[in-house]
Amino acid sequence: MATPGVEFVANPATTVHLLAWILGGAALGSVSGLIPGLHANNFALLLAGFAPSIPGEPLFVGCAMLAAGVVHTFLNAVPAMALGVPDAEMAVTALPGHRMVLEGRGYEAIRLSALGSILAVLLAVPLALPITWGVTAAYPTIRDNLGLLLAMVVVALVASEYTWRARVGGFVSFLLAAALGVLTLDLSPDAPLEAGGMLAPLFAGLFGAPVLIDAIRGGGVPPQYDEPIAMPRWLVGATALAGALAGAVVGYIPGISAAIAAVAVLVLVPGQSGDRGYIVATSGVDTANTIFALFALVAIGQPRTGVMVAFENVNAPLELPILLAGVVLAGLFGFVLVIVVGDAYLEIVGTMAYWKISVAVLGLLCVLSYLFTGLVGIFVFVVAAAVGMVPIRFRARRVHLMGVLIGPLLLMQ
């Protein structure tokens, strides 16, 4: 007998149907996140191409899109850490995740990334409304002074390097990447797949190929040890919170990447968090960006990510409570999966001939470049790979290569 005054406000069958779409999107995001070199925007725009033909409620398809985007930001950390590990002598110029793998603490690095992402989801959801209100009020000023803001970011990044050699390398890297972006971003070459234009070869060349080239002569993944996280809980939480807040900046301001925001986060967060803090911050920014990009679409009507472009293409209604519930569920799914899959990924890669893996992944990046941008994309990929080697040789941070996006934006101001 039903209790008086209580009624179901949700249809159980509809709820199950929605859950199935969310889990389906999460599964797609898992697969895409584990494919080296597949940028989230390219994956999202691939979905956008065929999503309108998928039979289903636009709200359900939209939830699946968001779930795929969120889980992608969890899982893409796994190949980033397991592939491209250089020789130990190159550890100084390695990425933070690679340095931890070289130290045998790859499992810890994966858990830090998972924590950064899931905490960012849980923190960004309640913070999204007040932050969106504040950013919306300031957005006209930001838009009118975007060129000055981006120029200040570039100067701050170069100045934050620890040596003059690195500062020179960072500045040269920015100029070369900016020139590359100006010359190629607006190209629309014929290609087998229409999914995101020149972003695939540019990002694969600038950020993917250089670490793989250095890893060809590396020793691969050394034995890993299941050590506890050597970072205080309060610092993990503080860094994830700062990462979530920085994700709002990435979500609203074009040209600012997760890596740029993570550098700023580490300046503001107290304590010497080092590589661990960078992993938490970058993962937090990357995942929180997916949530804030949704609110940016609602507040200013502009899709800031490929996922949001795909979301718009299916004409999904902006039912925020349902969409945010789907995002949180996808985040929980991604958190569990990245730990389980990440550990196995490191173990499998550690048993294989590493130079063969590096060459195979470089070949895969060439194939992806061709699929997304044709023969022109392969040429751009090779040039971008050469530019991507510059900060490594100068022992500067790779974040300066985001000039590929900032440079064209500066010229437009």
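State in Å² the accessible area per residue of the chain; use a 1.4 Å probe, count heavy atoms of protein chains only, and round to the nearest integer.
Working: 17850 Å² over 413 residues.
That works out to 43 Å² for each residue.
Could you report the accessible area of residue 383 in Å², rounded to 10, computed with a 1.4 Å probe on the protein chains as they sit in the structure?
Using a 1.4 Å probe on the heavy atoms, I get roughly 50 Å².
Please give the helix 274-300 orientation as an angle from the longest Cα principal axis of the chain, in degrees from 0 to 90, rounded to the nearest 10.
50 degrees
Roughly how many nanometres apart are two label points built 7 Å out from the Cα toward the Cβ at residue 315 and residue 367?
3.7 nm
Of the accessible area of region 108-246, with the probe set at 1.4 angstrom, what percent is carbon plus sulfur?
Summing carbon and sulfur atoms, their accessible area is 70 percent of the total for region 108-246.
By how many degrees, between 0 and 90 and to the nearest 10, does the Cα long axis of helix 58-75 differ from the longest principal axis of the chain?
30 degrees
Computed on alpha carbon atoms, what radius of gyration and Dmax characterise the chain, expressed in Å?
20.8, 77
What net charge is computed for the residues neighbouring residue 236, neighbours being all others with C-beta under 12 Å from the C-beta of residue 236, Lys and Arg scored +1, Asp and Glu -1?
After counting each charged neighbour, the total is +2.
So what's the net charge close to residue 115: Lys and Arg +1, Asp and Glu -1, counting the other residues with Cβ under 14 Å from its Cβ?
Neighbourhood net charge equals +1.
Ignoring any ligand, DNA or RNA, what whole percent of the accessible area of region 286-374 comes from carbon and sulfur when the probe is 1.4 angstrom?
Carbon and sulfur: 69 percent of the exposed surface of region 286-374.
Could you tell me how many degrees, from 0 to 90 and to the nearest 10, lie between the Cα long axis of helix 40-50 and the main elongation axis, the longest principal axis, of the Cα atoms of the chain?
Approximately 50 degrees, to the nearest 10.
Tell me, which longest segment in the chain has none of the chymotrypsin sites (Phe, Trp or Tyr not before Pro) that fall in DSSP loops with at most 16 further Cβ atoms within 10 Å?
The reported range is 226-413.
Take the Cβ-Cβ distance between residue 382 and residue 225 as r, set R0 to 60 Å, and report the resulting FRET efficiency rounded to the nearest 0.05.
0.95
Once you list every other residue whose beta carbon is under 12 Å from the beta carbon of residue 163, what net charge do they have if Lys and Arg are +1 and Asp and Glu are -1? Show your work: numbers first, answer last.
On the way: positive: 165, 167, 395, 397; negative: 161.
Spelling it out: positives minus negatives among the neighbours equals +3.
Could you state, as a whole-number percent, how many of the C-alpha pairs of region 102-220 are farther apart than 20 Å?
72 percent
Residue 359 versus residue 160, label points 7 Å from Cα toward the beta carbon: distance in nm?
Between residue 359 and residue 160, the label points sit 3.9 nm apart.
With equal scatterers on the alpha carbons only and no solvent term, can you work out the Debye log10 of I(q)/I(0) for region 253-384 at 0.13 1/Å?
Debye output, listed in q order: -0.91.
The values are calculated or read from the model by the stated rules, or taken from the named source; none is laboratory data. Keep in mind it's a predicted model, so treat the numbers as computed, not measured. Quick reminder, even Gly has a Cβ in these numbers, built from the backbone with ideal geometry, and neighbours come from all protein chains shown. The accessibility values were calculated without ligands, DNA or RNA, using every heavy atom of the protein model including side chains. Shrake-Rupley method; radii C 1.70, N 1.55, O 1.52, S 1.80 Å.
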